[in-house]
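Take this structure first; my questions come after.
Readers should treat all values here as calculations from the given coordinates under stated rules, not as data from a laboratory. Source: prediction; values computed, not measured. Backbone-built Cβ (ideal geometry, glycine too); neighbour counts: all protein chains shown.
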Amino acid sequence: MKKKFCGSLLAILLTANAVKAQDTIGVPLLESASATVHAPKWEITSNVTLALSRFSGNVTRNLNDDPYLLMVRKLNNNGQSAWRYGLNGFRRKSEDVTGGFQGSTTRTSEENSVSLVIGREWRHDLAMGFYTYWGIDARGLFRQNLATSVQFDGFSGRTEIVTDAKEYGGSFGCIGGIGYKFNDRMIVYTESLIYGQYLRTDRQFSVNGIATPLEQKNTISVLPMVPVALFLSIQF
């Protein structure tokens, strides 16, 4: 009888230890599964307005003034808010050489533009796959137009004329838009914004390194933008 009791007690202790071990192992597994399900999502966005405009025959559409061409968002666990980081920019350079017996002229034109955006947005689901969103944005920008003309005469004389125009500054404001979810991965949306903007403009003209200021001004303005661009987003 005593041996049976000891055997039963030993079996109970072994069973309890096994259950405790399973519980200890199961908790991190459940937490890991939960973390996998609720892991933050990323969203990559492209401005597709230019492609659609050219497809429809409107070749005059230019994206230089749009706030961003590409954007990356980091969504929270439930997808109802996100940090947004946008980028727009381009670089264009051309050169023209003319000349004859008495000399030659080389003209170089260069355009540079970059715009960076960081902001925060909140979303609200509607019916039938639609949703609205609103938030705040901060934007920094830089633009430059640089024109250089180098003239050579027939006696090895050289004259360099440079016109340099720069704009740089920043803005801060509110955004709002509406989107449509084709599925869990693909979204299209459009947005409007209103910015308060500070812009500094510097223009100067120089001949052989001797510069003459043409314009130096500061501009503060309010810039509203209606929805004129269409964006395509992919979530992953």
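Taking Cα pairs under 8 Å and at least six residues apart, what relative contact order does the stretch 143-201 come out at, in percent? Walk me through the numbers before you get to the answer.
On the way: 87 pairs, mean separation 18.2, N = 59.
Relative contact order comes out at 31 percent.
Whole percent per 10 Å bin, from 0 to the bin with the longest distance: what is P(r) over all C-alpha pairs of the stretch 40-235?
Spelled out bin by bin, the stretch 40-235 gives 8, 27, 26, 18, 12, 7, 2, 0 percent.
On full extension of the chain, what length is gained from E111 through V48, given 0.36 nm per residue of separation minus the C-alpha to C-alpha distance? Walk me through the numbers before you get to the answer.
Numbers: separation 63, 0.36 × 63 = 22.68 nm, distance 2.26 nm.
Between E111 and V48, full extension yields 20.4 nm more.
Listing M71, M186, M128, M225 from the residue with the fewest other Cβ atoms within 10 Å to the one with the most, what is the order? Provide the component values of the computation, followed by the final result.
Details: M71 20, M186 12, M128 6, M225 16.
Final ranking by Cβ density, sparse to dense: M128, M186, M225, M71.
Check which residues have an amide H placed less than 5 Å from A229's amide H, if you skip close sequence neighbours.
Under 5 Å from the amide H of A229 lie the amide H atoms of E191, each far enough along the sequence or on another chain.
Over the stretch 103-187, what lengths in whole Å, largest first, do the semi-axes of the equivalent ellipsoid take, defined as the square roots of 5 times the eigenvalues of the alpha-carbon gyration tensor?
Working: eigenvalues 523, 48, 9 Å².
Equivalent ellipsoid semi-axes, largest first: 51, 15, 7 Å.
Calculate, in nm to one decimal, what T201 and W83 gain on full extension: separation in residues at 0.36 nm each, minus their alpha carbon distance.
Values: separation 118, 0.36 × 118 = 42.48 nm, distance 3.07 nm.
Net length gain for the segment: 39.4 nm.
Now a separate question. Once you place label points 7 Å from the Cα toward the Cβ at V72 and R92, how far apart are they in nm?
2.8
Turning to a different aspect of this structure: Whole-Hz Karplus ³J(HN,Hα) for the stretch 219-225, in order, using 6.51 cos²θ - 1.76 cosθ + 1.60 and θ = phi - 60°, x for Gly and Pro?
In residue order, the calculated couplings are 10, 10, 8, 10, 10, x, 9 Hz.
Mind jotting down the distance between the C-alpha centroids of the stretch 105-169 and the stretch 194-236, whole Å?
Cα centroid of the stretch 194-236 versus Cα centroid of the stretch 105-169: 7 Å apart.
I've got another one for you. Determine the sum of side-chain charges near I175: Lys and Arg each +1, Asp and Glu each -1, restricted to other residues whose C-beta is under 14 angstrom from that of I175.
Numbers: positive: R73, R84, R120, R123, R139; negative: D66, E121, D137, E191.
Once positives and negatives cancel, what remains is +1.
Short version: ³J(HN,Hα) in whole Hz for each residue of the stretch 161-176, in order, from phi by Karplus 6.51 cos²θ - 1.76 cosθ + 1.60 (θ = phi - 60°), x for Gly and Pro, what are they?
Karplus values, whole Hz, x for Gly and Pro: 10, 10, 10, 10, 10, 10, 9, 8, x, x, 8, 8, x, 9, 10, x.
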